[in-house]
Amino acid sequence: MKNRPIVWGILLGLAVSSHTHAQSRLYANTAMQLSDLTQNGTARFQGVGGNHASLGGDASNIFGNPAGIAFFNRSEISLSPTFYNISNEASYIGNTRSDQKLNPNLSQFSLILAGNPQSYNREWRRTSFGISYSRQVNANNMITYGGTNNRSSMIDNIAELATGLSVKTLEDEYNNSRPFSIESAFYNLYQIDALSDNGPYRRPIPLSRASFEQSGNVEVSGGSSQWTFAYAGNYADKLYLGVSGGFSRHTFIRRNNYTERFVNGGAFRGLDYREDVNISGSGLFISAGVIYKPNAMLQLGASIHSPTFSNLQMTYQEEVGIDILNNRVPVFDANGNPVTNAQGQQAFDQIVTTRVNLEPYDFEYKMRTPLRANGGITIFIGKKGFITGSAEYVGYKGMGISTADDNQFKTNNKRLIQSSYNNVVNLRVGGEARLDKFRVRAGVGFLPNAYSQNYNVEGSLDRSKIQLSGGLGYRTERFYVDLAGTYLQTKDAYSPYQLSDPSNYFSAKLNVTSLNFTGTVGLFF
């Protein structure tokens with residue numbers, strides 16, 4: 001390793017050039033997570049599988065199919081609290097660890113004002129207005145993983161990221177303050193070595209024969225909520241038309257903690273890495289829907305939901321720490337031979353600091369979520385209940401990330417999104433049985449894999465989701481109470497870092513299950 005004093009500094013442009021791909025991946029993944037609607041709405045709609053397309057007369061129609069609020073002939077206020085639990089079983093290099101996260105929240109609050117009936121000799125018979133607050137996406141999650149890696153280290157990933165950067169750039173950027181890039185932090189903490197003044201870079205010689213006990217945990221919180229305003233009309237008790245719009249609020253917080261313990265690393269004993277991502281912002285959207293009821297037995301419905309156009313602010317922070325014996329670094333030449341002093345003994349550099357906080361990175365950008373379109377059918381079995389089904393198109397390839405003055409940033413993210421995600425059609429079916437004042441509900445949903453990229457995990461990785469739901473209800477002339485539970489199962493993967501050769505790094509394979517319990521209380525007036 002090169003013998004030199006450590007200096008500190010900031011060079012603003014470095015992270016932009018060296019982290020373009022990594023940041024684009026972060027923006028794209030966040031857009032996906034803030035668009036991942038699986039189950040929402042009142043307990044009634046959740047109990048029948050989340051079918052919003054052709055059912056009416058429910059507060060969920062405000063943001064589902066707004067035409068459905070035209071079925072109301074009485075005003076209503078309702079409240080839907082939710083208890084959410086997600087569990088992950090992570091398998092990483094032969095080791096399995098489990099974790100879970102609990103999150104109580106408010107799924108929905110709604111107010112529907114049913115207009116006075118018009119003369120039944122008129123074709124337009126009633127209009128209704130609705131307003132709701134709803135939790136659309138729950139991003140809360142946590143994973144823990146660990147195992148011994150005999151192939152690579154996070155250091156190898158940073159060495160690859162540093163390709164094309166000169167030693168002078170990494171040193172100048174570390175001058176009297178916080179470094180701006182992770183490459184400079186690792187270089188000045190003696191965790192990557194330069195083979196020449198212009199690279200390439202490698203793992204330090206004492207670590208070339210090491211293995212790495214790797215462990216980490218990732219915790220995510222936040223999601224998307226929205227205020228929605230809807231207006232709908234009833235034409236001849238046959239055709240129901242509605243429009244809605246409103247604004248969303250997004251929050252996304254990710255805490256990533258990662259640790260390596262070096263086995264046979266000589267003076268180097270380990271490193272730890274922390275990454276904090278905080279994203280927040282708001283956006284606007286509009287929707288429109290129609291439900292057609294040709295007879296008492298059949299209802300057909302469709303709706304279209306525009307993307308949400310949002311302005312977001314991100315703060316990105318990183319911290320790196322190393323564990324080194326006596327804070328002394330052994331010095332080696334470019335050929336890997338020990339450098340000795342005048343007495344023929346191993347030469348050492350004295351390291352000034354073992355922990356570095358990188359300069360926080362603040363950034364503002366625009367996000368566009370996918371276009372969604374729903375179609376469905378409901379068949380009523382007299383007054384005994386109904387069966388309903390729906391298909392939902394979600395155009396994930398149409399997501400967008402952009403800034404006002406950087407077309408290349410927009411182009412890079414568009415290319416990444418289109419290569420990373422699939423447009424999908426989600427399928428749901430459910431039903432309700434009516435037993436006097438009681439209701440029994442069940443539903444199932446299939447949400448295809450929206451990801452096109454693959455991970456180097458053993459076996460296939462099908463990230464489609466299976467969703468099972470059920471519920472009970474009690475309804476009188478003055479109020480109703482509903483309960484619903486939803487079970488979701490899927491597979492996923494997480495890579496603490498990636499390398500150009502996929503055979504040299506590992507991903508944690510995740511078995512994911514979630515349970516969502518929702519209750520709804522509604523009053524008519």
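Derivation of every value follows stated rules applied to the coordinates shown; laboratory data play no part. Because the structure is a prediction, the values reported are computed rather than measured. Reconstructed Cβ throughout: ideal geometry from the backbone, glycine too, with neighbour counts over all protein chains shown.
Can you pull the Rg over Rh of region 330-480, Cα-only, Kirkwood?
A ratio of 1.32.
Compute the helix-to-body angle for 20-33: its Cα long axis versus the longest principal axis of the chain, expressed 0 to 90° and rounded to tens.
Tilt relative to the chain: about 20 degrees.
Please give the charge dipole size of region 41-142, origin at the Cα centre, charges +1 on K and R Cβ atoms and -1 on D and E Cβ atoms. Round to the nearest 20 debye.
For this selection, approximately 240 debye.
Rank-order 45-53, 311-319, 283-291, 403-411 by packing density, defined as the average count of other C-beta atoms within 10 Å over each peptide's residues, highest first.
Per-residue mean Cβ counts within 10 Å order the peptides as 45-53, 283-291, 311-319, 403-411.
To check my understanding: the extent here is largest minus smallest coordinate of the Cα atoms along each principal axis. What are those three numbers for region 313-386, in Å, largest first?
98, 30, 25
Apply the Debye scattering formula to region 186-229, with a single equal point scatterer on each alpha-carbon and no solvent, then give log10 I(q)/I(0) at q = 0.21, 0.23, 0.30 Å⁻¹.
Results for region 186-229 at q = 0.21, 0.23, 0.30 Å⁻¹ read -0.84, -0.90, -1.11.
Calculate, axis by axis, the spread of Cα positions in region 208-304 along the three principal axes, and write the results as whole Å, longest axis first.
Here the spans come out as 83, 30, 17 Å, largest first.
Which FRET efficiency value, to the nearest 0.05, do you get for Asn198 and Asp276 by plugging their Cβ-Cβ distance into 1/(1 + (r/R0)^6) with R0 = 41 Å?
It comes out at approximately 0.80.
I need the Kirkwood Rh of region 85-164: take the reciprocal of the average 1/r across all distinct C-alpha pairs and report it in angstrom.
On the way: mean 1/r = 0.0531 Å⁻¹.
Radius from the Kirkwood sum: 18.8 Å.
Using DSSP to define loop residues, name the trypsin sites (Lys or Arg not before Pro) in region 231-328 whose beta-carbon has at most 13 other beta-carbon atoms within 10 Å. Could the numbers behind the result be given before it?
Details: sites: Lys238, Arg249, Arg254, Arg255, Arg261, Arg269, Arg274, Arg328; in loops: Lys238.
Answer in residue order: Lys238.
Roughly speaking, what is the stretch gain from Lys437 to Arg209, that is 0.36 nm per residue apart minus the C-alpha to C-alpha distance, in nm to one decimal?
74.9 nm
Could you work out the percent of alpha carbon pairs in the chain separated by over 43 Å, rounded to a whole number?
Tail of the P(r) past 43 Å holds 30 percent of the pairs.
Throw me the Rg/Rh for region 290-333, computed over C-alpha atoms with Kirkwood Rh, two decimals.
1.68
Would you please state which residues of region 260-304 a label at Gln345 would reach in this model, taking the label point 7 Å out along Cα→Cβ and a backbone N cut-off of under 18 Å?
From region 260-304, the list is 267.
Obtain the radius of gyration and the Kirkwood radius of region 277-407 from its C-alpha atoms and give Rg over Rh.
Expressed as Rg/Rh, it is 1.42.
Grab the Cα-Cα distance for Leu106 and Tyr235, subtract it from 0.36 nm times how many residues apart they are, and report the gain in nm with one decimal.
Taking 0.36 nm per residue and subtracting the Cα distance, the gain is 43.1 nm.
Any idea what diffusion coefficient region 80-129 gets from Stokes-Einstein, in µm²/s, Kirkwood Rh on alpha carbon pairs, 10 °C, 1.306 mPa s?
The estimated diffusion coefficient comes to 100 µm²/s.
Using θ = phi - 60° and the Karplus form 6.51 cos²θ - 1.76 cosθ + 1.60, what ³J(HN,Hα) does each residue of region 345-358 get, whole Hz, x for Gly and Pro?
9, 4, 7, 10, 9, 8, 8, 7, 9, 10, 9, 10, 9, 6
In nm, to one decimal, how far is the Ser87 label point from the Asn449 one, both placed 7 Å along Cα→Cβ?
2.5 nm
Translational diffusion coefficient, Stokes-Einstein: compute it for region 393-505 using the Kirkwood radius over C-alpha pairs as Rh, at 4 °C and 1.567 mPa s, and state it as an integer in µm² s⁻¹.
It comes out at roughly 72 µm²/s.
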